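K.L.:
After the structure tokens below, expect a handful of questions from me.
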């Protein structure tokens, strides 16, 4: 049990960049190697000339997240479809466990979401006090003249925009 605890403690979440349109196959290849990976997917209705179909597409194009130790980083890079780790300040970027948990919770909800690479200005820190996202923290932003909640993903330089009722938001 102590070995399992120390193994988990040495593991961190790392955002990785995939080859274009290779997110799903890279995630499957990592799973085949026993590497924990998370690929946020969302359902979208696609229109072709002859039909419409619901498909699951990556929420953040060309990104997925791996939960590994520093020792396992080379194995991640040797996986088909993985292009590179993301660097921030000259070091491989990591993401806090809480941020990945929040992203998983968001993807499991039916709340309207949007991803943006715009550098949104920091605002008032808030906490969601009710509903399926209860306990999630973020900040209020004014975006496209609407009041929205932004969950900032520092490790990859983007934000998840959440459309949420003001009645569900509380201040710190």
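K.L.:
What residue, among those in the stretch 70-112 that are touching a strand residue (DSSP E or B) at 6+ places or on another chain (Cβ under 9 Å) and free of Cβ contacts under 8 Å to residues at least 24 places away in the same chain, is farthest from residue 36 (Cα to Cα)?
P.N.:
98
K.L.:
Residue by residue through the stretch 27-64, note down the ones that are surrounded by 16 or more Cβ atoms within 10 Å (Cβ to Cβ), over 19 Å from residue 115 (Cβ atoms) and touching a strand residue (DSSP E or B) at 6+ places or on another chain (Cβ under 7 Å).
P.N.:
30, 35
K.L.:
What number goes with the only condition from (1) within 19 Å of the chain's Cα centre (by Cα); (2) in a loop (DSSP other than H, G, I, E, B); (3) without any contact (Cβ under 8 Å) to a residue 24 or more places away in the chain that residue 20 does not pass?
P.N.:
So the condition that residue 20 fails would be (3).
Read-outs: derived from the displayed coordinates by stated rules, not from any lab. For clarity, every value in this text was computed on a predicted model and none was experimentally measured. Note that each Cβ is placed from the backbone with ideal geometry, even for glycine, and that neighbours are counted across all protein chains shown.
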